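The values are calculated or read from the model by the stated rules, or taken from the named source; none is laboratory data. This structure is a prediction, so every number in the text was calculated from the model and none was measured. Every residue, glycine among them, receives a Cβ derived from its backbone with ideal geometry; neighbour counts consider all protein chains shown.
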Amino acid sequence: MLLSLPPTTSALRVSRCFRFCVASAPHLRAASLAAAPPAAPLPAHLVVSVSGDESDGPHSAWLRDFGFSLHLDFVSAAEASSLIAAAAPVLSRLPYSSDHFDAVIRGYREAQLPAERLPPAAAAAVRRVWALFPAAASSPQSLVHVIDLSTAGAISPHVDSIKFGGGCVAALSLISPARLSLIEEPAAMAARGGAEPRRVDLELPPRSLYIMTRESRYGFAHAIVPSGRRLSVVLRDEPPALA
Ligand code: OGA
Ligand code: MN
């Protein structure tokens, strides 16, 4: 007989990889939500398709209210090539892992690269991402997390663990476009008295950067479906010090 599990368990399952654990501090998430209430209500399901610079687009105000930003053409082709080349020697030694079908991430391989050992163009791109971290962020982690998703790979909805990162998660998309979905967490939905989780889907073109802080970081799960082999370069700030 199957044991009954809460309905969200399969979507938000904690994988073996420590980066994909679900955040587990409701008080922190509640504080973050209270600190930055959205100015305008979000429709139950909003599909944002990017056709220009979203910082000026029709949804820019809503996205900003939730601490989310998308920056098109953030890295040059030369910087993208430099990042891809820096990760290649490490990644090519690894097989793509094909985890159980309901793991948080599947069809992937990943590496942690020390930022100080990156070639100049890649290092310059990383420094420009760090420069966009909000003033409230703690110091940037010096390890650069590279995720290589195969064409058949995907990242299921999850909230990054608060044990391994602070309030800012930034990711560069390289090689292929991907669909990013932001899906409201049950606690955030309950806090605003909603009956349905809100959801935003965005297209991430290659060489774009997205940054999640505040509500988009803690109150929404994020998920990625690539449309081809995709490399992402994920940069985080340090987790809050344990009291
Ligand atoms: C992660 C993650 C998203 C991306 O590493 O936790 O969600 O764009 N990555 O690769
Ligand atoms: Mn994540």
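Are any of the residues in the stretch 182-191 within 12 Å of ligand 1 (Cβ to nearest atom) and either crowded, with 19+ Cβ neighbours inside 10 Å or more than 23 Å from residue 129 (Cβ to Cβ) (or both)? So far as the stretch 182-191 goes, yes, one or more of its residues are within 12 Å of ligand 1 (Cβ to nearest atom) and either crowded, with 19+ Cβ neighbours inside 10 Å or more than 23 Å from residue 129 (Cβ to Cβ) (or both). Taking the stretch 174-220 as the range and being at pLDDT 95 or above, farther than 26 Å from residue 84 by Cβ and of a type in the set (Lys, Arg) as the test, the residues that pass are 214, 217. Flag: residue 133 does not match the condition of being closer than 17 Å to residue 111 by Cα and part of a loop (DSSP other than H, G, I, E, B).
Restricting 155, 162, 84 to residues that are at negative phi and buried (at least 21 other Cβ atoms within 10 Å of the Cβ) narrows the list to 155. Of the residues making up the stretch 87-116, those that are without any contact (Cβ under 8 Å) to a residue 12 or more places away in the chain and either surrounded by 17 or more Cβ atoms within 10 Å (Cβ to Cβ) or not polar (S, T, N, Q) (or both) are 88, 89, 93, 100, 101. Within the stretch 141-168, the residues that satisfy the criterion of being in contact with a helix residue (DSSP H, G or I) (Cβ under 6 Å, 6 or more places away or on another chain) and either within 11 Å of ligand 1 (Cβ to nearest atom) or part of a strand (DSSP E or B) (or both) are 144, 146, 148, 158, 164. Evaluated against (1) part of a helix (DSSP H, G or I); (2) within 14 Å of ligand 2 (Cβ to nearest atom), residue 221 falls short on exactly one condition, (1).
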